[in-house]
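For reference, the structure is listed below as structure tokens.
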């Protein structure tokens, strides 16, 4: 099986966090990004960080940084494009920086839906897909670039016009969604409380 490169998408502007980048948000005894890396690094051949701005501020994390090749930070679609261009990988798996309960069996589960057509495999939970949590084949690169050239920046719009596979991840009773997002101070507080119990973020079924 081809080795898969992991990419943490962290290019957002964090408007609801009063300008603090999600990368640097405190989480338990570390930062939100270190929480993601702890769960993600063991699953992939290597990990890259998709983030804009001066990469020097991210040197402490010890992972290579990929900036968008397009201006104006056009979003995760551009992050996936830049990741393929920078890594040269045949397969990449992307996750957001703000999902602290990322399944530890994410890539194993996504790999079960790889097929001969090399379609992307997208994670879902509670009947809703999470387009930033996806296993991508390199064959989609030209289509991603074409969408961006045409002004289409939305991942959901791209998926609406392209064949893909979906894997449903279930959460255990009493636990948060495995792809719970930290989008504002309230959700950060909830995530910290759940994580401090030690009862969340295990493998999914």
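Values quoted throughout were computed directly from the atomic coordinates according to the rules given, and no laboratory measurement underlies them. Everything quoted here is computed from the prediction, not taken from an experiment. Using ideal geometry, Cβ is built from the backbone for each residue, glycine included, and neighbour counts are taken over all protein chains shown.
Summary table
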item: Inter-label distance, nm, simple model (7 Å from Cα along the C-beta direction), residue 115/residue 34; result: 4.2
item: Value of D in µm² per second that Stokes-Einstein yields for the stretch 106-205, Kirkwood Rh from Cα pairs, at 37 °C (0.692 mPa s); result: 215
item: Normalised per residue, the volume of the convex hull around the Cα set of the stretch 1-114 (Å³); result: 111
item: q = 0.19 Å⁻¹, the chain: log10 I(q)/I(0) [Debye, one scatterer per Cα]; result: -1.54
item: Most mobile listed residue (105, 157, 68) in the chain, GNM with C-alpha springs under 10 Å; result: 157
item: Helical mean residue ellipticity (222 nm; -39500 (n - 2.57) per DSSP H run of 4+; nearest 500) of the chain; result: -7500 deg cm²/dmol
item: Residue among 143, 125, 171 with the largest mean-square fluctuation in a Gaussian network model of the chain, springs linking Cα atoms under 10 Å; result: 143
item: The stretch 47-137 pair-distance distribution - Cα-Cα, 10 Å bins, rounded %; result: 15, 45, 33, 7, 0
item: Two-site label geometry, residue 45 and residue 126: point separation in nm, points 7 Å out along Cα→Cβ; result: 3.5
item: Cα-projected label distance for residue 54 with residue 162, points at 7 Å along beta-carbon direction, nm; result: 3.4
item: Modelled FRET efficiency - R0 30 Å, residue 187 with residue 138, Cβ distances, 0.05 increments; result: 0.35
item: Max mean-square fluctuation residue, GNM over the chain, Cα-Cα springs under 10 Å, options 40, 189, 84; result: 189
